[in-house]
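Engineer: For reference, the structure I am asking about is given below.
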Amino acid sequence: MKILVCISNVPDTTAKISFTPDNKAFNTAGVQFVINPYDEYALTRAIELKEAQGGTVTVINVGEADTEANIRKALAIGADNAIRVNAKPTDAFFVAQQIAHYAQEGAYDLILMGKESVDYNGFQVHGMVAEILGISAITPAVKLDVNGNTATLEREIEGGKEVISVVLPLVASCQQPMSEPRIPNMRGIMTARTKPLKVVEPVGAEAKTIFESYSLPEKKTGVKLIDPANAEELIRLLRNEAKVI
Amino acid sequence: MSVLVLIECADGQVRKSSLETASYGAQVAQAMGTEAVGLVIGDVPVDELQLLGRQGMQKVYLCNNANLKDFVPGAFVKIIAQAAQTVNAQVIILANSNIGTAVGSRLAIRLGASLVTNAVALPEIDGNTFKVKKSVFSGKAFAEVVLTADLKIIAVKKNAVDIIEQEGTAEIATLNVDLAAADLIGAPQETIRATGEVLLTEADVVVSGGRGLRGPENWHLIEDLAKALGGATACSKPVADSGWRPHHEHVGQTGITISPNLYVAAGISGAIQHLGGVNSSKVIVVINKDPEAPFFKAADYGIVGDVAEVLPKLTEAAKALNR
């Protein structure tokens, strides 16, 4: 089985979010970048499937050279090889065009990624890749098994779950409890250095959206503390002052 | 020309999030000087759909057959695309739900549209260009996104826009779409419903517990208060990771994002990843025995105290309100 895992390079989830003085771009100063946590669930599930059934795991990232540290991390965790599409990811449409192009070239059975990235929260690339390739997409999947040429998934819906079987090839987006992310071990880190990382040029595609400017939410004015001995007072305030109950 | 709104229903009723998207769609249509048209897929009574006139829907198309009881991704995309063509839609409005985001991305490719998800405000319309404010960085910031294609698709974040209530009855029409076997791939074989609970993503009130509860044996304190307030329960990541509660209740940056009117956090310190999932809630209450817990900085109301003592008092007071 050939599995392609799409990874996005995102600010660490503890990073303080700020923007450049003109509010046109994310301020990367002092920010550490990690593999998008939802993509890590996809990556570890792909590696588990490979370990159980054989096959290869390829990771793909659309990004400039500074994303290679996280691509190497994915290789250290257990992916076999990697593709970096050498371009700044401008929007989901652009990224999906790149992934679909190289996915088609590699004829993968399974294309996995996170349900969204924790930076732009798009929820878009999986469905777009599937539509371009003309194959099914199941999103968001919380469980994935493969038996022969059929995948069985659990898809989360508002207020429950669905069990779905689909014949491969397939795109699935992942969220917890899909898998338990792994920390690379020393042997993995050593072997990752020599695993193939192919850098390819982007295919022509125009973005369909422009991220024009950014802003931060308004700061809270300050917490109103209530004496724990008089906790009932809180309920009164929520009814009469905040008017939310 | 029109604005097409996908209306999601459950158990024959329009979902609250779709009352929001209908209201949003009606306001977009009004700003564009055109009409707002709803689309319902599945088995929903006509009189329930006529009520969408109150949210400004002039007309609602109903597409129903035996294969459409559940969400079938390919069939839904085909039906929405056909409806968009039928009503000559310039804008398609979806909820930022598991259904809305699943169909939105496919429609954007199929119809050559610009797509924005997680929208939190009405678009600024300038000729053929829309600018839409969306939530980014998991609730920690906003971005203004410009949509340049002729057709625009907007997925609206839950609880981000108000529901309009006005006089009106929507006209109901039938939409027939031929579905082939290939369109039904991905239909669920089995649906496991969480029963008897308020839906977390649509709840007005959410009561959430963290490690400060000390163990699953105290979880009933969260459930009791949630019940008294008519709300849903949620939990922090450590609680889901240690198996006290299912993962679908984990709110935070790597779980789900919610924006209720009232979020009560009991025994949760307020790590930045957790705040990301809840900080667009209208009012935040924090109960924690540690006065230095970072969550107090993001809270509107706080109680410094032991959750095991405070929660029962709140539950009693909430019950007293309902009497």
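Engineer: Please compute the modelled spin-label separation between B:Glu309 and B:Gln50, points set 7 Å along Cα→Cβ, answer in nm with one decimal.
Structural biologist: 5.8 nm
Engineer: Which residue, A:Glu156, A:Glu131, A:Glu218, tops the fluctuation ranking in a GNM of chain A built on C-alpha contacts under 10 Å?
Structural biologist: A:Glu218
Engineer: Given 0.36 nm per residue, what is the gain on full extension from B:Lys289 to B:Thr148 after removing their alpha carbon distance, in nm?
Structural biologist: Between B:Lys289 and B:Thr148, full extension yields 45.7 nm more.
Engineer: Listed highest first by mean packing, meaning other Cβ atoms within 10 Å per residue, what order do B:131-138, B:287-294, A:192-199 come in?
Structural biologist: On the way: B:131-138: 23.2, B:287-294: 17.9, A:192-199: 13.4.
My ranking of the peptides, most packed first, is B:131-138, B:287-294, A:192-199.
Engineer: Something else: Based on the mean of other beta carbon atoms within 10 Å per residue, what is the order of A:103-115, A:47-59, most packed first? Show your work: numbers first, answer last.
Structural biologist: Values: A:103-115: 21.4, A:47-59: 17.7.
Output ranking for A:103-115, A:47-59: A:103-115, A:47-59.
Engineer: Given the DSSP H assignment, sum -39500 (n - 2.57) over each helix run of at least 4 residues in the protein assembly as shown and divide by its residue total; what's the result at 222 nm in deg cm²/dmol, nearest 500? Walk me through the intermediate numbers first.
Structural biologist: Details: 14 runs with 156 residues, N = 568.
One gets -8500 deg cm²/dmol as the mean residue ellipticity at 222 nm.
Engineer: Defining a contact as two alpha carbons under 8 Å apart and six or more residues distant in sequence, what relative contact order in percent does chain A show? Please report the intermediate quantities before stating the final value.
Structural biologist: Values: 466 pairs, mean separation 59.7, N = 245.
Here the relative contact order equals 24 percent.
Engineer: Quantify how strongly other chains surround peptide A:127-133 by giving the mean number of their Cβ atoms within 10 Å of each of its Cβ atoms.
Structural biologist: 6
Engineer: Whole-Hz Karplus ³J(HN,Hα) for segment B:76-88, in order, using 6.51 cos²θ - 1.76 cosθ + 1.60 and θ = phi - 60°, x for Gly and Pro?
Structural biologist: Running phi through 6.51 cos²θ - 1.76 cosθ + 1.60 with θ = phi - 60° gives 4, 4, 4, 5, 5, 4, 5, 4, 4, 5, 4, 9, 6 Hz.
Engineer: Residue-wise, which Karplus ³J(HN,Hα) couplings in Hz belong to segment B:237-253, taking 6.51 cos²θ - 1.76 cosθ + 1.60, θ = phi - 60°, and x for glycine or proline?
Structural biologist: Taking θ as phi minus 60°, the curve returns 4, x, 5, 5, 5, 8, x, 5, 10, x, 4, 6, 9, 6, 9, x, 4 Hz for segment B:237-253.
Engineer: Among A:Pro21, A:Pro228, A:Pro181, whose mean-square fluctuation peaks in a Gaussian network model of chain A (Cα, cutoff 10 Å)?
Structural biologist: Top of the fluctuation ranking is A:Pro228.
Engineer: Answer rounded, prolate or oblate for chain B, using the Cα gyration tensor with square roots of eigenvalues a ≥ b ≥ c: rounded when a/c is under 1.5, else prolate when a/b is larger than b/c, else oblate. Can you show the working numbers first?
Structural biologist: Details: a/c = 2.04, a/b = 1.79, b/c = 1.14.
Taking the square roots of the gyration eigenvalues as a ≥ b ≥ c, chain B is prolate.
Engineer: Right, here's the next one. May I ask for the distance between the Cα centers of segment B:179-218 and segment B:1-44, given as a whole number of Å?
Structural biologist: About 23 Å separates the Cα centre of segment B:179-218 from the one of segment B:1-44.
Engineer: Which ³J(HN,Hα) values, rounded to whole Hz and listed in residue order, are derived for segment B:27-44 from phi using the Karplus coefficients 6.51, -1.76 and 1.60 in 6.51 cos²θ - 1.76 cosθ + 1.60 with θ = phi - 60°, glycine and proline given as x?
Structural biologist: Karplus values, whole Hz, x for Gly and Pro: 6, 5, 4, 4, 5, 8, x, 10, 9, 9, 10, x, 9, 10, 10, x, 9, 9.
Engineer: Starting from the amide H of B:Ala155, placed 1.01 Å from N in the peptide plane, find each other amide H under 5 Å away whose residue is 5 or more places distant or on another chain.
Structural biologist: Answer set, sorted by chain and number: B:Leu94, B:Val116, B:Thr117, B:Asn118, B:Ala119.
Engineer: Structure shown: which of A:Lys224/B:Lys227; B:Lys227/B:Lys289; A:Lys16/A:Lys161; A:Lys16/A:Lys195; B:Lys69/B:Lys158 lie over 30 Å apart, alpha-carbon to alpha-carbon?
Structural biologist: Working: A:Lys224/B:Lys227 25 Å; B:Lys227/B:Lys289 23 Å; A:Lys16/A:Lys161 34 Å; A:Lys16/A:Lys195 33 Å; B:Lys69/B:Lys158 23 Å.
Checking Cα-Cα distances, A:Lys16/A:Lys161; A:Lys16/A:Lys195 exceed 30 Å.
Engineer: Quick check: the angle from helix B:98-111's long axis to the longest principal axis of chain B, C-alpha only, nearest 10 degrees?
Structural biologist: 30 degrees
Engineer: List the residues whose amide H sits under 5 Å from the amide H of A:Ile138, counting only those 5 or more places along or on another chain, with H placed 1.01 Å from N in the peptide plane.
Structural biologist: Here A:Val171, A:Ala172, A:Ser173 satisfy the definition.
Engineer: Further question: Can you tell me the relative contact order of chain B? Whole percent, Cα pairs under 8 Å, sequence separation 6 or more. Could you put the intermediate results ahead of the total?
Structural biologist: Details: 722 pairs, mean separation 47.8, N = 323.
With pairs under 8 Å counted, the relative contact order is 15 percent.
Engineer: What does the highest-first list of A:141-151, B:163-173, B:72-82, A:8-18 look like by mean Cβ count within 10 Å? List each step's numbers first, then the result.
Structural biologist: Working: A:141-151: 16.7, B:163-173: 13.8, B:72-82: 22.1, A:8-18: 18.7.
For the peptides A:141-151, B:163-173, B:72-82, A:8-18, the packing ranking is B:72-82, A:8-18, A:141-151, B:163-173.
Engineer: Enumerate the amide H contacts of A:Ser213 below 5 Å, restricted to partners 5 or more residues apart or on another chain; note that Pro and chain-start residues carry no placed amide H.
Structural biologist: B:Glu144
Engineer: Here's a follow-up. Using only Cα atoms, locate the centre of segment A:156-187 and the centre of segment B:235-300, then give the distance between them in Å, rounded to an integer.
Structural biologist: 24 Å
Engineer: I'd like the mean, over residues of B:233-241, of how many other protein chain beta carbons sit within 10 Å of each residue's own Cβ. Each step should come with its number before you reach the end.
Structural biologist: Details: counts 0, 0, 0, 0, 1, 0, 0, 2, 3.
Taking the mean over all residues of the peptide, I get 1.
Engineer: What average number of partner chain Cβ atoms lie no more than 10 Å from the Cβ of the residues making up B:308-314? Don't jump to the answer; show the numbers that get you there.
Structural biologist: Values: counts 0, 3, 5, 1, 1, 8, 5.
The mean count of partner-chain Cβ atoms within 10 Å per residue comes to 3.
Engineer: Turning to a different aspect of this structure: Select from B:Thr101, B:Thr117, B:Thr254 the residue whose mean-square fluctuation is largest in a Gaussian network model of chain B (Cα-Cα springs shorter than 10 Å).
Structural biologist: Ranking B:Thr101, B:Thr117, B:Thr254 by mean-square fluctuation puts B:Thr254 first.
Engineer: Just need the relative contact order of segment B:169-296 here, percent rounded to a whole number, with Cα pairs under 8 Å and 6+ apart.
Structural biologist: Numbers: 213 pairs, mean separation 28.2, N = 128.
It rounds to 22 percent for segment B:169-296.
Each reported figure results from applying straightforward, stated rules to the coordinates on display, with no laboratory input. Note that the structure is a prediction, hence the values are computed from the model and not measured. For neighbour counting, all protein chains shown are included, and Cβ atoms are generated from backbone atoms with ideal geometry for every residue, glycine included.
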